[in-house]
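Rule-based calculations on the coordinates, nothing more; no lab input. Since this is a predicted model, take the numbers as computed values, not measurements. Backbone-built Cβ (ideal geometry, glycine too); neighbour counts: all protein chains shown.
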Amino acid sequence: MDRNKVFFIVGSQDLYGEEPLRKVAENSQNIVNYLNKSNKLSADIEFLMVARNQQEIINAIKKANNDDDCIGIICWMHTFSPAKMWINGLKLLQKPMLHLATQANEFLPWGSIDMDFMNLNQAAHGDREFGYICTRMGIARKIVAGYYTDEATLSAIESWICGAYGVREAQTLRVARIGDNMRNVAVTEGNKVSAQIQFGFSVNTYGVGDVVECVNSVSTEEVKELLNLYEKLYTIPDKSKNSMNSIFEAAKQEIGLRKFLSEVGAKAFTTTFEDLHGLQQLPGLSCQRLMADGFGFGAEGDWKTAAMLRIIKVMTKNVKTSFMEDYTYHLEKGRERILGAHMLEVCPTIAANKPTLEVHPLGIGGKSDPARLIFSTARGKAINCSLLDMGDEFRMLANVVNTVEADEKMPALPVANAVWIPQPDFKIGVQKWIENGGAHHSVYSQALSVETLEDFCRMMNLKMILI
Ligand code: MN
């Protein structure tokens, strides 16, 4: 992930003369310096200007729009900045915005406060004028109120920055569908044109033959090199000829898939077990390893989850985030929980232990036994979220879950898994997920905060339902 920048734009007006505005610029630079030196933010903050009139505001916003390195703007109203001056600039704004309701002075100097102080410290006044016009114009923005050195302020800004990286990723992402959706499945379908209009990412289909061509072009030397890496990273309990042949084929698929995705410029992709012509096994290991490297993935043609997985991996710097599926319930009274897994494709970034690399038969797909990484998931809080196409709009459904250990080992279910208890409890979590049309596929993340997901959805004009 590249480190990008956020422009810091200060709202003012011409009323005060040169000297106070010079002081405002100095205060602005101090705030920006503090934010940058805090080491709490994933983007560099760059003080752009103190904007005093409509033209300067338009200039600032055009500059932010046109700078590819800029992921958003922070607006600070040090004083009253008459908001009719902002209308034409805000109409042009194409980047996410954060309105920082703060002040240069932390303490009100009760004994000496005078009009000179007010000229520099009138955010309470200016915030309302700016807020009114943003609300009236329907400008999506995050409002963060508090002194700029406060930990909570920094954390709220950082959450927004992560969301802004997600927005930037959504706008440029390409999702490659290798084959179509699984036949007859409803929830993985959706309107790809509507998705591109709202989010920006494009979703296009490729024949599995295009991938097969890449897989067949892989040399034995390339495969052997990758097998050496597998030996280092994973425990391989069965090194029999059959097992190693299957792992050899999986490695070949991985290299082929990487070549294919690089050729089409996709950072997210889907597969389907119903369309594997020319592939010897369902790509399991390769999907897991590509996810571990930050690719988005959705099984059975699920392009919405593939796109969201990639976007959330960007927002979480690819920490502890995976494709997931609700598998089966444990309904012991008072200890209800859900076992999540997939046929093969769970991302090793959520692994609690060193994964084992194993080959086992797979009942569906009608192909040879596929290789896969097997592990359990670390305990801890996570978010499950699901992007849904409801026909007339997209929605984001999210549920916080507590990941727990499995009661016992599951030797007859050789797949990576996670066990969790939905919040606030099993009954409500499950009822509300179903009631809101949540999919069986989700993005599972132990690194994503509810706040960042909310920030992202607000910027994307996407309705979010949090259970
Ligand atoms: Mn599935």
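Measuring from the lowest to the highest alpha carbon on each principal axis, how far does the range 119-231 reach, largest first, in angstroms?
Reported extents, whole Å, longest axis first: 72, 39, 22.
Relative to the compact-globule scaling 2.2 N^0.38 Å, provide the ratio for the alpha-carbon radius of gyration of the range 300-395.
Dividing the Cα Rg of the range 300-395 by 2.2 N^0.38 Å gives 1.24.
The chain: longest stretch without exposed GluC sites (Glu not before Pro) (DSSP loop, at most 11 other Cβ within 10 Å), sites themselves excluded?
107-331
Dividing the alpha-carbon radius of gyration of the chain by 2.2 N^0.38 Å (N being the number of residues), what value is obtained?
Here the Cα radius of gyration is 1.11 times the empirical estimate.
May I ask you to sort ILE31, ILE255, ILE161 by Cβ crowding, counting other Cβ atoms within 10 Å and putting the fewest first?
ILE255, ILE31, ILE161
Once the Cα atoms of helix 18-37 and of the chain are each reduced to a long axis, what angle between those two axes, in degrees from 0 to 90 to the nearest 10, is obtained?
20 degrees
Fewest Cβ neighbours within 10 Å first, please rank TYR444, TYR327, TYR147 accordingly.
Ranking TYR444, TYR327, TYR147 by Cβ neighbours within 10 Å, fewest first, gives TYR147, TYR327, TYR444.
With 26 Å as the limit, write out which pairs from LYS259/LYS313; LYS91/LYS317; LYS224/LYS367; LYS5/LYS313; LYS40/LYS354; LYS5/LYS232 have Cα-Cα distances beyond it, or answer none.
LYS91/LYS317; LYS40/LYS354; LYS5/LYS232
What is the distance in Å between the Cα centres of the range 163-202 and the range 45-72?
That distance is 30 Å.
Rounded if a/c is under 1.5, else prolate if a/b is larger than b/c, else oblate: which is the range 140-200, with a ≥ b ≥ c the root eigenvalues of its Cα gyration tensor?
It comes out prolate by the Cα gyration axes.
Could you work out [θ]222 nm for the chain from helices alone, using -39500 (n - 2.57) per DSSP H run of at least four and dividing by all its residues? Round to the nearest 500 deg cm²/dmol.
Mean residue ellipticity, 222 nm, calculated: -12000 deg cm²/dmol.
Under the Kirkwood approximation applied to all pairs of distinct alpha-carbon atoms, what is the hydrodynamic radius of the range 5-171 in Å?
About 15.9 Å, per the Kirkwood formula over Cα pairs.
What is the sum of charges around GLN29, taking Lys and Arg as +1, Asp and Glu as -1, for the other residues whose C-beta is under 13 Å from the C-beta of GLN29?
So the environment of GLN29 carries a net charge of +1.
Taking only Cα atoms, what is the 0 to 90° angle, nearest 10, from helix 426-435's long axis to the longest principal axis of the chain?
80 degrees
Mind checking the angle between helix 151-172 and the chain's longest principal axis? C-alpha axes, 0 to 90 degrees, to the nearest 10.
On a 0 to 90 degree scale, this one is about 60.
Antiparallel DSSP bridges in the chain: what percent, to the nearest 5?
45 percent
Once each part is reduced to its C-alpha centroid, what is the distance from the range 350-368 to the range 290-339 in angstrom?
Going from one Cα centre to the other spans 16 Å.
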